[in-house]
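Below is one structure; the comments refer to it alone.
Nothing in this text is a laboratory measurement; each read-out follows from the coordinates by a stated rule. All values reported here derive from a predicted model rather than from experimental measurement. Cβ: placed from backbone, ideal geometry, glycine included. Neighbour counts: every protein chain shown.
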Amino acid sequence: MRFLHFFRLTISLVALAYCFDSLPIGWIYWLEDHFSNVHAIYETGHSSLITRGEIGIYIIAPVAVLIAFIAIPRFVWGVSALSWCLLLMRAWLLTNLYSCYWLRYLSAVTQIACYGQELSFALAPLIIGLLLRHRLVAEQLQGTQRHRGNAV
C-alpha cells in the first residue's frame, strides 16, 4: 500500500512540475511584474508546434494523475495506460527543442545548454514510463488490488 501512495505522489509532482514549466509567456511577464523588482528580458517567438506541445502537456498531465489515482488500483489496463501517457508526455516535451533553434545565432555553449536542458527535462517521463513497462513494477502496482481484495 505504501508503494502505491509513493507512486501517486510522484506522478502528481511530475505532472505539476510540467504544468508550471509550461506557463505561457504572458503569465511569466505578469508574475515578473508583480513579484520581482528586477526586469528581465525574455526571448519570445511563435511556433504552432510548441503551442501544440504545451496544450498536449496541459491535457496529458491531469489525465496521468487521474489514471494514477483511479485506474491503477482498479483496472488491469491502468499501468499500461499510465505508461503510454508518460511516453506521450515526453513526446510533447520534445517539441520544446524547436525553441533552442531560435538560439542558433548565439554561442555554441548556449545552444548546447538549451538542447541539454530540454532533453534532460523530457527524460523523467521517459524513465517512469519505461519503468512502468517492466513486469515487476506492473505486478507490484496491480498486486495492491489483489492484496486489498484478499484483506477485505
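Taking other residues whose beta carbon is less than 14 angstrom from the beta carbon of I67, and scoring Lys, Arg as +1 and Asp, Glu as -1, yields +2.
Taking 1 over the mean of 1/r across every pair of different Cα atoms in the stretch 46-142, what Kirkwood radius in Å do you get? List each step's numbers first, then the result.
Values: mean 1/r = 0.0685 Å⁻¹.
Every distinct Cα pair counted, the radius reaches 14.6 Å.
Kirkwood Rh over alpha-carbon pairs of the stretch 83-125, then Stokes-Einstein at 25 °C and 0.890 mPa s: what D in µm² s⁻¹, rounded to an integer?
Working: Rh = 10.8 Å.
It comes out at roughly 227 µm²/s.
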